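What follows is calculated from the coordinates using simple rules that are stated; it is not laboratory data. In this text the structure is predicted, and so the values were computed from the model without any measurement. Backbone-built Cβ (ideal geometry, glycine too); neighbour counts: all protein chains shown.
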Amino acid sequence: MKLLTWQVTAGVILVLVSAIFYLVQINVFGRVEDTFFYMLQDLAFVPVQVLLVTLFLNELFKKREKAELQKKMNMVIGAFFGEVGTELVKLLMVFEDGSRGVASRLVFTKDWTGDEFTAAIKDVRAHDFAIDTRRGDLAALKGFLTEKRAFMLGLLENPNLLEHESFTELLWAVFHLTEELSRRDGVSGLPATDYEHLGGDVRRAYSLLLSEWLAYNSHLKADYPYIYSLVMRTNPFDPDARVEVG
């Protein structure tokens, strides 16, 4: 409301200033017809100015702002995968029974294109993950996520992520899994129904994690090939991956 009041006040002041200049021009030069002629000529160009500003300049500024925002979001996402995401992929992948069904779609190479990453993301989202939480180390997963809780909470407070719904959804899924595990005194000897419930939470987090992981690696491939090279050489889904360059 205050902003609107300020805008109205500024508008009235500017109109009055303009009127004063026109009155001064008429009084000094006494050429009323010329003054109104040029006034109408200026007004006739206003629609063209509006067209240029709203359709072209504003669109250009929006694209630039969007690119800047995307860059900031990619920095945040990169921090997540550096601190949490990559290790979390390794911890969660062992819970999937028959993971080779989707693992083969996650072995990307230096020749992958953006379309191939997009196709892999679609495959991951359509994949029916068979999760068994008794296959892996729930205690290690619990300890890791509990340790990283403060870091993930800090990411959720980042206003830039409001524009990235899928990554925000991933953070909430991982944070919920963290809460589920941390509220249990122990994660061994649980009832079968509880293992099944935790399996649903792992499935949700794992599917979203892999989708964002692929999208992030596509970004690295396009903009930061040297980082992409390291990710490719340490891909946990590639049995032949070696960090050494040889």
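Assorted remarks:
- Ranking Ser166, Gly199, Val94 by how far each Cα lies toward the positive end of the dipole of the chain (charges on Cβ) leaves Ser166 at the top.
- Distribution of pairwise C-alpha distances over the stretch 1-123, 5 Å bins, in %: 2, 7, 7, 9, 12, 10, 7, 6, 5, 5, 6, 6, 5, 5, 4, 2, 2, 1, 0
- Scaled to the globular estimate 2.2 N^0.38 Å, the Cα spread of the chain, given as radius of gyration, is 1.61.
- Using R0 = 51 Å, the C-beta based FRET efficiency linking Thr113 and Val32 works out to 0.15.
- Most fluctuating residue given options Trp213, Trp112, Trp172, as computed from a GNM of the chain linking Cα atoms under 10 Å: Trp112
- Highest mobility in the GNM of the chain, judged by mean-square fluctuation with C-alpha springs under 10 Å and restricted to Asn217, Asn235, Asn58, is found for Asn58.
- Cα-centre dipole for the chain with unit charges at Cβ (Lys and Arg positive, Asp and Glu negative), debye to 20: 300
- Cα-based reach from Lys110 at 27 Å (exclusive), listing lysines while leaving out same-chain residues under 8 positions away: Lys71, Lys72, Lys90, Lys122, Lys221
- Once both labels are positioned 7 Å from their Cα atoms along Cα-to-Cβ, the gap between Val94 and Arg233 label points is 2.6 nm.
- Above 23 Å, the calculated P(r) of the stretch 145-230 contains 36 percent of its Cα-Cα pairs.
- DSSP H segments from the chain that extend 24 Å or more along their own axis, Cα-based, with Kyte-Doolittle mean of -0.5 or above: 2-29, 32-51, 165-182, 192-223
- Note on Leu156 and Leu69: the model spin-label points, each 7 Å out from Cα along the C-beta direction, lie 2.2 nm apart.
- Under the criterion of Cα pairs below 8 Å and six or more residues apart, the relative contact order for the chain equals 24 percent.
- Contour minus Cα-Cα distance for Leu14 and His176 (0.36 nm per residue): 52.9 nm
- Choice from Tyr224, Tyr206, Tyr195 showing the highest fluctuation, given a GNM over the chain with Cα pairs closer than 10 Å: Tyr224
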